[in-house]
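The values are calculated or read from the model by the stated rules, or taken from the named source; none is laboratory data. Everything numeric in this text was worked out from a predicted model, so none of it was measured. Here the Cβ positions follow ideal geometry from the backbone for every residue, glycine too, while neighbour counts run over all protein chains shown. Just so you know, the surface numbers come from the protein's heavy atoms only, side chains and all, with ligands and any DNA or RNA stripped out. Shrake-Rupley method; radii C 1.70, N 1.55, O 1.52, S 1.80 Å.
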Amino acid sequence: MLRLEKRPTPSRFWLYATPPAAVILTMVAGGILFAAMGKNPFEVIRTIFWDPVFGEFAFYLRGQLLVKAGPLILIAIGLALGFRAGIWNIGAEGQYIMGAIFGASVGLAVFPTESRWIFPVMVVAGAFGGWVWAMIPAILKTRFNTNEILVSLMLVYVAQTILAKASTGFLKNPEGMGFPGSRNFSSYPAAKNAFLYEPLGLHWGGVAALVTAVLAYILLTRHQAGFQIRLAGQAPRAARFHGVNPARLVVLCMGISGALAGLAGLFEVTGPAGQISIDFNTGYGFTAIIVAFLGRLNPLGIVLAGFLMALTYVGGEMAATQLGLPAAAIQVFQGMLLFFLLAVDVLTNYRFRLAVGAH
Amino acid sequence: MTRPELLRVEGITKAYPGVVANSDVSFSIGEGEIHALLGENGAGKSTMVKMIYGLVRPDSGTMTLRGAAYTPSKPAEARRLGVAMVFQHFSLFEALNVAENVALGMENPPPMRELAARIRAVSEEYGLPLDPSRMVGDLSAGERQRVEIIRCLLQDPKLLIMDEPTSVLTPQEVEILFRTLRQLSSEGTAILYISHKLEEIRSLCDEATILRRGKVVATCTPRERTAREMAELMVGQALKTPERRMGAKGEVALGVSDLSVESPIPFGTSLKGVSFTVARGEVLGIAGVAGNGQDELLLALSGELKAAPDKVRVAGQPVGDRGPVERRKAGLVAAPEDRYGHAAAPDMSLVENAFLTAGVRKGLTQNGFVDWAGTRRFAEEIIAAYDVRTPGPDVAARALSGGNLQKFLMGRELMQGAQVIVINQPTWGVDAAAAASIRQSILDRAGEGAAVVVISQDLDELLEVSDSFAVLNEGRLTRPRPTEGLTMDEIGLMMGGAHGMEVAHHVA
């Protein structure tokens, strides 16, 4: 009989081997799924993982990678800080939407003024919007001990309703001939998040993501606040003994993750998306949860995981258009990744043993 | 005196992955004999008795009970053959009464009324006052133990195994228990008594088998040996008694006045008007049965629980409303009892755990950034000074044995040069040699002028290290008295005497 046994110290090997193992298992199980759908599994896997980087349209798709990876990384790093501390912000999607709405509102309010201060102020407003949205579950948790998982998740649906209201009402393009959606930022240079280097898909959001990753890494490994975040997650009573104020930590972590999600929303709405629309959000806030865990809640790992996840997005779209694979199949594929990751993760802290005899 | 042999254990070996718990253990117990199984933590006592009670099966070796092969495959079988056991941790339901709890442990419980009558009869017969209709939740630890003992006695056992039975008892309750055990012995019931408390064994047991690292290292007749001789057999080396350096007492370093705090722990004990002072160079020992507010007192002193500013003063400075960081700055360090998860983060390295409390006083941060190189040096200093057995400072705290981790954590607090040191259970679960060295360090720090508060459930330890002595009982602290000249009787009365004695008069 197989038995799980706790390791005396976490396995360093499995800590790093888990994500590749999960990716391979996902490919195998996904391949079986695609085969069952009547597709050639090798072709699908190649289309998703190989073609975007080395295939026929790689010159365009490579740029798309950073475009998709940027917001994922930015959001996932914020979430990871909270997850490390045992604070479960599941509502980044809502904070992302609110960041976009706040930032866009500032820009649209001053349309068509041209000033180089407009975009920076919008960035601040975007971060603020996400922060405010995250403060609701944070304060409810610290004051009334509510569950931040539920509250932050529910607020996603509130944010979506506000988004719908914004694109059909208060942010609707007055020159849009009645169609829902705001003015397009691509035709408003002062508020536009333009590509800095188009072949790589680099815009300010990508810059922010990479800089944030480095800062978060330094915070976690070198700074006392990072130590307190890790301590609170691993041993809450030891954290109080150390002198951590749990309420302050909740506000700090929720605030950072909300602000980063808000930033991601702002960079998206002023760049790749271009405008506030009813279906502006595409699930980055939820996918970032997978990215955070796939990256081992480590900022540098999250950068790699962000690109991998972006690959499944870009490659998934390719598979959809070229091979007629339904979008839902791609989502199942992405979900499998988290599933296998969590399953294989057991090996970091446990090992299998053949049980001999009774105990 | 030779007795007919009841149980013989021969060549028993039991190995777990990575550790041999018992290796070639042999001993025998006569009918009606009180036999001590003596050894430090991890010497293999518990594994041995679990095999006798049918919870664990030996890898090799034989056991015979009254001449017949004895291989119990489960506790029910052991009980059927007349072997009963009282565990260190009770398995009782607080929301049920005594009789119902006893019934739950029986295979064919008689009707409640009859059972209650039998419980009453047994409790009177053996001088274990217990009312069968009382809720277990309302009973003291000593009374709960009686429930377990009576549950065993109802099966009319030939061999009663008792695992560390006195750790939760007041001295008076220990006396009652011993009287019962002696009576059982005189009626022919053998008792296998597991303990590391030597004086108890000397006063109670007929024979002793001493285990060290899973092996039998000696057998002896406890009455003919001194406690020290047995301790040295148990530890395998000569023991040093901690030396006290009598320094003149200095000015008051820690003052606590009328401190009352609600317990944050479910079913915890709130502190009620606790007052005491400790001077520089003084060690105050605080005794009490577990669960009488010890954890809460530590939280209130460490700063994890806050009160009005003037309730706690360090060197005259009010810190009652301050958190742990400010209190450390003011010169107070604390060491909680629970090593895994409170005093230390089990999954973090020793370096990180060193930073956990020493960051403030050792100046290990600059502009919020942690000086990990300096922290590592401090961790290495602790490891060297306190003889912590570890491959290095980077291993996770939980990879260390309990005793080694405790040495590290004691070193962490004692090496910070604080003038007030509060420690809850300094040597809990630590082997005798390490315990002696921890006590010595505590006395050394006091000799250097620190005011020390030691909270402990080990009376011998408190009598050894403390200058003054007080008892926590239901969240109230008795007035501290000089330790010198205190008798066990007086201490017992301070601890609330024998809980439930009034019931005894009732029944009788």
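What the Cα atoms of chain A give is an Rg and a Dmax of 21.5, 80 Å.
Would you be so kind as to list the residues of the stretch A:9-31 that have their accessible area lowered by at least 10 Å² in the full protein complex compared with their chain by itself (1.4 Å probe)? When all protein chains are present, A:THR9, A:PRO10 each give up 10 Å² or more of accessible surface.
Between A:VAL214, A:VAL251, A:VAL132, the residue with the greatest mean-square fluctuation in the GNM of chain A (Cα pairs under 10 Å linked by springs) is A:VAL214. Computed from the C-beta positions of B:GLU326 and A:SER11, the FRET efficiency with R₀ = 35 Å rounds to 0.35. The relative contact order of the stretch A:120-182, computed from alpha carbon pairs under 8 Å that lie at least 6 residues apart in sequence, is 17 percent. Ligands, DNA and RNA left out, the accessible area of the stretch B:252-494 computed with a 1.4 Å probe is 48% carbon and sulfur. Phi-derived couplings, Karplus 6.51 cos²θ - 1.76 cosθ + 1.60 at θ = phi - 60°, listed residue by residue for the stretch A:18-30: 4, x, x, 4, 5, 4, 5, 4, 5, 4, 5, 5, x Hz, with x used for Gly and Pro.
Residues considered: A:ASN173, A:ASN193, A:ASN245. Largest GNM mean-square fluctuation over chain A, using C-alpha springs under 10 Å, is found at A:ASN245. The length gained by stretching the chain between A:ARG46 and A:MET154 to full extension, at 0.36 nm per residue less their Cα-Cα distance, is 35.1 nm. With only the Cα atoms considered, the stretch A:1-92 has a convex hull volume of 194 Å³ per residue. Whole-Hz Karplus values for the stretch A:268-280 come out as 6, 5, 8, x, x, 6, x, 7, 6, 9, 4, 9, 4 Hz, taken residue by residue from phi with 6.51 cos²θ - 1.76 cosθ + 1.60 and θ = phi - 60°; glycine and proline positions read x.
Using C-alpha pairs under 8 Å with a sequence gap of at least 6, the mean separation divided by the residue count of the stretch B:285-369 gives a relative contact order of 19 percent.
Amide H to amide H, with H built 1.01 Å from N, B:ASN424 comes under 5 Å of B:ALA335, B:GLU337, B:ILE455, counting only residues 5 or more places away or on other chains. Inter-label distance, B:VAL252 to A:LEU342: 5.6 nm, where each label sits 7 Å from its Cα along the C-beta direction.
Ranked highest first by average number of other Cβ atoms within 10 Å, how do B:301-310, B:170-179, A:143-152 line up?
Order by mean packing, descending: B:170-179, B:301-310, A:143-152.
For the stretch B:350-392, a reduction of at least 30 Å² in accessible area between the chain on its own and the assembled protein chains (probe 1.4 Å) is found at B:GLU352, B:PHE355, B:LEU356, B:GLY368, B:PHE369, B:VAL370, B:TRP372. For the pair B and A, the buried accessible area comes to roughly 2400 Å² in total, with a 1.4 Å probe and the value rounded to the nearest 100. Here the Debye sum runs over all C-alpha atoms of chain B as equal scatterers in vacuum, and log10 of I(q)/I(0) at q = 0.08, 0.10 Å⁻¹ comes out as -0.55, -0.85.
Only Cα pairs under 8 Å and 6+ residues apart enter the sum, and on that basis the relative contact order of chain A stands at 36 percent. For B:SER260, the residues whose modelled amide H falls within less than 5 Å of its own, excluding neighbours fewer than 5 places apart on the same chain, are B:GLY273, B:VAL274. In plain terms, the bigger the Kirkwood radius, the slower the diffusion; for the protein assembly as shown, with that radius from Cα pairs, at 20 °C and 1.002 mPa s, Stokes-Einstein puts D at 68 µm²/s. For the stretch B:300-346, heavy-atom accessible area (probe 1.4 Å) falls by no less than 20 Å² from the chain alone to the full protein assembly at B:GLU304, B:PRO324, B:VAL325, B:ARG328, B:ASP338, B:GLY341, B:HIS342, B:ALA345. Based on alpha-carbon atoms, the Kirkwood radius and the radius of gyration of the stretch B:338-476 give Rg/Rh equal to 0.97. For the stretch B:5-235, the solvent-accessible area works out to 41 Å² per residue, with a probe of 1.4 Å and every protein chain left in place. Surface exposure of the stretch A:60-301, expressed per residue as accessible area with a 1.4 Å probe, stands at 40 Å². Using the rule -39500 (n - 2.57) for each DSSP H run of four or more residues, divided by the residues of the protein assembly as shown, the 222 nm mean residue ellipticity is -15500 deg cm²/dmol. In the stretch B:349-508, the DSSP beta bridges split such that about 60 percent are antiparallel, to the nearest 5.
The fraction of accessible area contributed by carbon and sulfur in chain A is 68 percent, rounded to a whole number (1.4 Å probe; ligands and nucleic acids excluded). Under the membrane-span-like helix rule (DSSP H runs whose alpha carbons stretch at least 30 Å along the helix axis, mean Kyte-Doolittle hydropathy -0.5 or higher), chain B yields none. The spacing between the stretch A:114-166 and the stretch B:1-50, judged by their C-alpha centroids, is 65 Å.
Converting phi to 3J(HN,Hα) with the Karplus coefficients 6.51, -1.76 and 1.60 and the offset θ = phi - 60°, the stretch A:235-242 yields 8, x, 6, 5, 5, 5, 5, 5 Hz in sequence order, with x at every glycine or proline. Put simply, the amide H of B:MET85, placed in the peptide plane, has neighbours under 5 Å in B:ILE161, leaving out anything fewer than 5 places away on its chain. On a per residue basis, the stretch B:252-494 carries 35 Å² of accessible surface, using protein heavy atoms and a 1.4 Å probe.
Looking at the P(r) of the stretch B:252-494, how many percent of alpha-carbon pairs lie beyond 33 Å? Summing the P(r) of the stretch B:252-494 above 33 Å gives 13 percent of all pairs. Among the listed pairs B:LYS50/B:LYS215; B:LYS50/B:LYS407; B:LYS329/B:LYS362; B:LYS249/B:LYS362; B:LYS158/B:LYS215, those whose Cα-Cα separation exceeds 19 Å are B:LYS50/B:LYS407; B:LYS249/B:LYS362; B:LYS158/B:LYS215.
For chain A, set up a GNM with springs between Cα atoms under 10 Å and report which of A:THR287, A:THR221, A:THR312 has the largest fluctuation. Residue with maximal mean-square fluctuation among A:THR287, A:THR221, A:THR312: A:THR221.
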